[in-house]
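One structure is given below, encoded as C-alpha cells.
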Amino acid sequence: MQQAGSHASQSASSYFDEARSADVVNARMGADVDPRLKQVMEVLVKHLHAAVKEIEPTHEEWFAAIRFLTETGQMCNEWRQEYILLSDILGVSMLVDAINHRRPNGATPNTILGPFYVENAPQYENGANICLDGKGEPLIVAGRVTDINGQPVPNAKLEVWQTNDDGFYDVQQKGIQPDSNLRGVFTSDATGAYSFRSVKPRHYPIPSDGPVGKLLGAMGRHPNRAAHLHFIVTAPGYEPVITHIFTPDCPYLPEDAVFGVKSDLIADFKQIDDAEAAEKAGLAAPFWSVTWDFTLAPVTKSA
Ligand code: BEZ
Ligand code: FE
C-alpha cells in the first residue's frame, strides 16, 4: 500500500511552481501522444515560459497580448490572413522557408510567397504584355530556365505577378484594375527561354490597417516591401521555385518589411534610352529591360 506521505510529495511535484513551471506543464503530457506533437509542445512550453519569466509581464500587459492575438484572429478570412502577416513581419515565414529549401549552390533561392498569388492566371505566349492598365514604365523581362548544370529546362511553367504602378495587386482593387492585371503564366521554349512585357515594379506597403500594421508602427518599423516581381517556376523533376526578383535601385532593399530580400535575387534592371532598340521592341524610349535566368535544383529523394 502507498504511504500517505509519498503520495502527497508525488502530487506536490505536479503542483504549479514558479521555478519549475515549464517542467510541471510538460510532465502532464499523456503517454500515447503523437511524438512530433509532444516534441513541438514541449519546446513551445519551455520557450514560452522562459520568455514570460524574462519579460515578467503585468496582468495588463498579458491581457494586451491576448487582445492583440484575438484581433489578429478576427482579421483572418478568405481574403486576409493576419496571422501569416504576423509570421512574415517577425521573419518566421522566411525562416521556415529557409529550413525547408536548402538548395545546392547556384540554384535560384526561394523567398516569401505572400498573400496575393492566384492560381490559374491567364496563360500567355512568350513576349506578351501582362500590364493591362497601361500605367507605369515599360519593362521587358527575358531569360532562361536551366538546371544546375546549365542545361535548358524546356516547358517550365513560369507564373508571374506584381503590383500595378499605384502599388496594389489586382485582387486588392477588384473593379478598379482590370482582372488579372499584371499576372500571367508563361512556358519556357525548347532552349529554356521565356520572355514577357510588364512595367517596372515599385515598392508598396503590406496591408497595414490591422493589428500587425499597428504593431509595426509601435515598433518603429514601416510596412514597405522592396520593389519586386513574384515568380513560381515549376518543371517535372525539379524543386518548385517560389521567388522574386528585386530592382537594384529600391531604397527599401535593406529594410524590406517581411525580410524577403536575398542578395542573389537582386536583378540588373537596365534603362534603355535608345530609339532604335525601342522601335525594335515596339516601345517608346526610354524603357526598362532585365535579363533573369532561373536555375532549378533536382527534386531530392526525400522531397
Ligand atoms: C507580397 O509580396 O505580395 C507580400 C508578402 C508578404 C506579405 C504581404 C505581401
Ligand atoms: Fe509582392
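Largest first, the three principal axis extents of the alpha carbons in region 1-110 are 66, 41, 29 Å in whole numbers. Legend: ranking of residues F269, F116 from fewest to most surrounding C-beta atoms inside 10 Å; resulting order F116, F269. At what distance in angstrom do the alpha carbon centres of region 8-54 and region 170-234 lie from each other? First find each Cα centre; the distance between them is then 43 Å. Geometric descriptor of the chain, per residue, is 185 Å³ (volume of the convex hull of the Cα atoms). Mind running the shape call on region 101-158? Use the C-alpha gyration tensor, a ≥ b ≥ c as the square roots of the eigenvalues: rounded below 1.5 for a/c, prolate if a/b tops b/c, oblate otherwise. Prolate, because a/c is 1.5 or more and a/b exceeds b/c. Note on region 1-154: with charges restricted to the Cβ of Lys and Arg (+1) and Asp and Glu (-1), its dipole about the Cα centre is near 440 debye. Dividing the summed -39500 (n - 2.57) terms of all DSSP H runs of n ≥ 4 by the residue count of the chain sets its mean residue ellipticity at 222 nm at -8500 deg cm²/dmol.
Placing unit charges on each Cβ (+1 for Lys and Arg, -1 for Asp and Glu) gives region 119-251 a dipole about its Cα centre, and among P207, I232, W161 the Cα reaching farthest toward its positive end belongs to P207.
Could you size up the charge dipole of the chain around its Cα centre, putting +1 on the beta carbon of Lys and Arg and -1 on that of Asp and Glu, and report it in debye to the nearest 20?
Here the chain has a charge dipole of around 540 debye.
When the chain is treated as a GNM with alpha-carbon contacts under 10 Å, the residue of A284, A193, A27 showing the greatest mean-square fluctuation is A27. Projecting the Cα atoms of F16, A190, T291 onto the charge dipole of the chain, computed from C-beta unit charges around the Cα centre, puts F16 farthest toward the positive end.
In a GNM of the chain with a 10 Å cut-off on Cα contacts, which of K214, K174, K157 has the highest mean-square fluctuation? So, out of K214, K174, K157, the one fluctuating most is K174. Per-residue Cβ neighbour counts within 10 Å put T243, T234 in the sequence T234, T243, beginning with the fewest. In the elastic network of the chain, a GNM with C-alpha springs shorter than 10 Å, the most mobile of S198, S263, S11 is S11.
Throughout, read-outs are computed from the coordinates displayed, never taken from laboratory work. Predicted model only: the values in this text are computed from it and were never measured. Reconstructed Cβ throughout: ideal geometry from the backbone, glycine too, with neighbour counts over all protein chains shown.
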